[in-house]
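Enquirer: Please read through the structure below; I'll follow up with questions.
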Amino acid sequence: MSTDWTCNSSFWTKEEGKIQENTLAIYSRDKDLFTNMEEALLGKSRDDIINHYNILIEDLEPINSGHVPLPYYPEVHSDSNQNSRGRMAKRGFLDRIETQVGFLFSF
C-alpha cells in the first residue's frame, strides 16, 4: 500500500514519485523533460511536477556533496548464483543514482 505525503499542498503517492524518477532517468537530457513528466503523471499540474522536482533536487544535494553516506550492503556468502545477481542489482541501482545525481548537478 502506498503512503501519501504532502508536497506544496499536492499529494504524491510512492508510485507517482517513482514514475517521476523513472521519467527523469529516461528523459534527463531531453529539453521537454517536464512535458514528458506531465504525460507520465496524468492529473498532476506542471507546477506540481516542477515543485516536486525541485524538492528532489534539494534532497539530492547533501547526497551528492558527500554529507549522506551510502548504505552498507554486507556481502552474503553463498554457493548459489543469487549472490552475484544481488551484487549486480545493487551496482545497477547505484549506477542509476550516480547518473541521475550527476545530471542534476551538471547545470
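Enquirer: Can you pull out the residues in the stretch 13-42 that are touching a Lys or Arg at 6+ places or on another chain (Cβ under 9 Å) and without any contact (Cβ under 8 Å) to a residue 40 or more places away in the chain?
Expert: Result: Glu16, Gln20, Phe34, Thr35, Met37, Glu38.
Enquirer: Could we say that Glu61 is in contact with a helix residue (DSSP H, G or I) (Cβ under 8 Å, 6 or more places away or on another chain) and over 16 Å from Ser10 (Cβ atoms) here?
Expert: no
Enquirer: Considering only helices (runs of 4 or more DSSP H) fully contained in the stretch 28-107, which possess at least 1 residues that are at pLDDT below 85?
Expert: Passing ranges, in order: 46-64, 82-104.
The values are calculated or read from the model by the stated rules, or taken from the named source; none is laboratory data. Remember, predicted model here, so these are calculated numbers, not experimental data. Methodologically, a virtual Cβ is constructed for each residue, glycine included, from the backbone with ideal geometry; neighbour enumeration extends over all protein chains shown.
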